[in-house]
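Written below as structure tokens is the structure these notes are about.
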Amino acid sequence: MSFAAQGDTPYNYAYLDEQTKRMIRRALLKAVAIPGYQVPFGSREMPLARGWGTGGIQITAAVIGPSDTLKVIDQGADDTTNAVSIRRFFERTASVKTTEATHEATIIQTRHRIPEAPMQAGQILVYQVPMPEPLRKLEPRELETRKMHGFAEYGLMQVRLYENIARFGEVTTTYDYPVRVNGRHIMAPSPIPKFDNPKMDMSPCLQLFGAGREKRIYAIPPHTRVVSLDFEDHPFRIQSWKQPCGLCGAQDSYLDEVVIDDAGGRMFVCSDSHYCETRRAEGHAGPMLGHQAAGTLAAASTPAKEPRP
Amino acid sequence: MNALVSPNTLKGALRPILSARSVSRFYGERIGCADVSFDLWPGEVLGIVGESGSGKSTLLRCLSGIDRPDAGEVLFEATPGADFLEIFDLPEQDRRHLMRTAWGIVHQNPRDGLRMDVSAGGNVGERLMDRGDRHYGRIREAATEWLTRVEIEAGRIDDRPRQFSGGMQQRLQIARVLVSNPRLVFMDEPTGGLDVSVQARLLDLLRVLVRDLGLAAIIVTHDLAVARLLTDRLMVMKDGRVVETGLTDQVLDDPQHAYTQLLTSAVLAV
């Protein structure tokens, strides 16, 4: 391929060899055909430690093309080590444009968040998944969990929620909250906060999940029903905060709690850094924007706004 | 004595609930159980007695769908009046469903039958959630009711089985099985490992439950006193084969087979 001839890298386009990409695409097709079903695939070594997103990066490598625009987020932020490294990896190996703007991206690889800006048709959301099997903590035998998925025996999952309510009065699972996809398979949505669960439901974008270490791929096609498990008398609820984002004043976004001094001071800021910046650029201001600590938080993410070479 | 007519031709109260036909299971050269045939009638409690290694547990595992017999068939009437199902011809999915709804298995060791890191309420409620109950309040209500019925204080509903005594664990296991209103219960040495006073309470409880619910039950035991108290009919096994069957009192008071005579005379009298 002409790309390899550029001299910058001896690797094939998007790092993986074509045969591997074909294998991953086959797994992806099967995963899309059976929403929520975990398809085994031959996970490869990547120049990244297992557990740092090797599943997601392999899926991205298999679906990316030169005309794509890539956005990578880690816990909602565009500027953390993992996000920056993976973005640069694809800049170098796939010569794609990268962006921080959710609406500009055609592929968004994410760890632990779904962007606040609504996803659009045609976009692909690639999740990095550490633990694809939602039943694993309850049933250690792989053979048995496969049967449970195959026969749709999901009472045990409900027992886990029951135990939560019995002990704490509510379901205390706040991330990786199990969902039922397309009325059939129970699926681990990767460790996104349960705040993001409703965004998966009937989403117009294609959602792909890759677990590199566990060698599993699964998917949610566009416009698919995704329901968070609950009880009739203890319905599913998402997190809420008593205050808005300290920087941009958003009341509808997922907030991170940030400790700002050693006297117990703290503030809440949007975990989606691009969403927060966009709102500030539009003139929204949170109560903490003038604060000294807020200055460093807001500044920390500005350099990433500069255009990349 | 062993019915040779198809149970499907029998009508009404004449129909057995479970029918075993020449059930055999081998472990390589050795016999687990061989050529066991019997009918179990609705509301009947059948005891299987015999010494250790006589094939009692092997037979129970075959009858309850855990192990596939090497020969013979096990026919089961899942709902009154329904056609008999050969449980090993069913797809695994349906068999597993039967095992969780239409019948129950009480294991000798509560650890095999309970989830030790799930609370008592969760253990009892699991079968309800399996069949699709999604109302926390009602599941909890049913769990409380069943704990009370097996004489576990309702206040201990959120304790884990580890925090229970052996007798309580065994009773919890029974509640967990009975909550889904099964038609048939298999018990493997339900009183094994319990001291005699706890045994007596458990036996009382079992007797009341079996009579109240009109359950059919198959109880495997090596304890003839348990058999006398709980069972209507006895099957005596030796070396994997049934050597004598009959009404419990008849078998125990007037044993015909030499081995049964040995067994009954071996009971210690206090």
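The values are calculated or read from the model by the stated rules, or taken from the named source; none is laboratory data. Keep in mind that what you see is a predicted model, and the values were worked out from it rather than measured. FYI the Cβ positions are ideal-geometry reconstructions off the backbone, even for glycines, and counts take in every protein chain you see.
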Is it the case that some residue within region A:276-289 is in a loop (DSSP other than H, G, I, E, B), closer than 27 Å to A:GLY122 by Cβ and in contact with a Pro (Cβ under 6 Å, 6 or more places away or on another chain)?
-> no
Hey, among the residues in region A:131-169 that are buried (at least 20 other Cβ atoms within 10 Å of the Cβ) and of a type in the set (Ser, Thr, Tyr), which one's nearest to the other protein chains (Cβ to nearest Cβ)?
-> A:TYR162
Number of the condition not met by A:ASP78 [criteria: (1) buried (at least 20 other Cβ atoms within 10 Å of the Cβ); (2) at pLDDT 95 or above; (3) acidic (Asp, Glu)] = (2)
Counting only residues in region B:206-223 that are surrounded by fewer than 19 Cβ atoms within 10 Å (Cβ to Cβ) and of a type in the set (A, V, I, L, M), the one nearest to B:ALA102 (Cα to Cα) is identified as B:LEU213
Every residue from region A:51-85 that is under 29 Å from A:LEU255 (Cβ atoms) and acidic (Asp, Glu) | A:ASP74, A:ASP78, A:ASP79
Can you spot a residue in region B:197-210 that is over 25 Å from B:GLN93 (Cβ atoms) and within 10 Å of chain A (Cβ to nearest Cβ)?
-> no
Look at A:ARG50 and say whether it is out of contact with any strand residue (DSSP E or B) (no Cβ under 9 Å at 6 or more places or on another chain) and part of a loop (DSSP other than H, G, I, E, B).
-> yes
Taking region B:87-131 on its own, how many of its residues are within 8 Å of another protein chain (Cβ to nearest Cβ), outside any helix (DSSP H, G or I) and either buried (at least 18 other Cβ atoms within 10 Å of the Cβ) or free of Cβ contacts under 8 Å to residues at least 24 places away in the same chain (or both)?
-> 3
Residues of region B:51-80 that turn out to be in a loop (DSSP other than H, G, I, E, B) and crowded, with 20+ Cβ neighbours inside 10 Å, as a count | 6
Would a scan of region A:155-166 turn up a residue that is charged (D, E, K, R) and free of Cβ contacts under 8 Å to residues at least 12 places away in the same chain?
-> yes
Which residue out of B:ILE152, B:ILE139, B:ILE157 is over 20 Å from the mean Cα position of the chain (by Cα), surrounded by 19 or more Cβ atoms within 10 Å (Cβ to Cβ) and more than 28 Å from B:ALA200 (Cα to Cα)?
-> B:ILE139
Could you check A:HIS185 against (1) surrounded by fewer than 23 Cβ atoms within 10 Å (Cβ to Cβ); (2) within 17 Å of the chain's Cα centre (by Cα); (3) under 30 Å from A:ALA49 (Cβ atoms) and say which number it fails?
-> (2)
Note on region B:54-80: residues closer than 28 Å to B:LEU247 by Cβ, of a type in the set (Gly, Ala, Ser) and touching a residue at least 40 places away in the same chain (Cβ under 8 Å) are B:SER54, B:GLY55, B:SER57, B:SER64, B:GLY72, B:ALA78
Number of positions in region B:132-142 that are within 9 Å of chain A (Cβ to nearest Cβ), in a helix (DSSP H, G or I) and touching a helix residue (DSSP H, G or I) at 6+ places or on another chain (Cβ under 9 Å) = 4
Test for A:GLU232: is it within 14 Å of chain B (Cβ to nearest Cβ) and not β-branched (Val, Ile, Thr) = yes
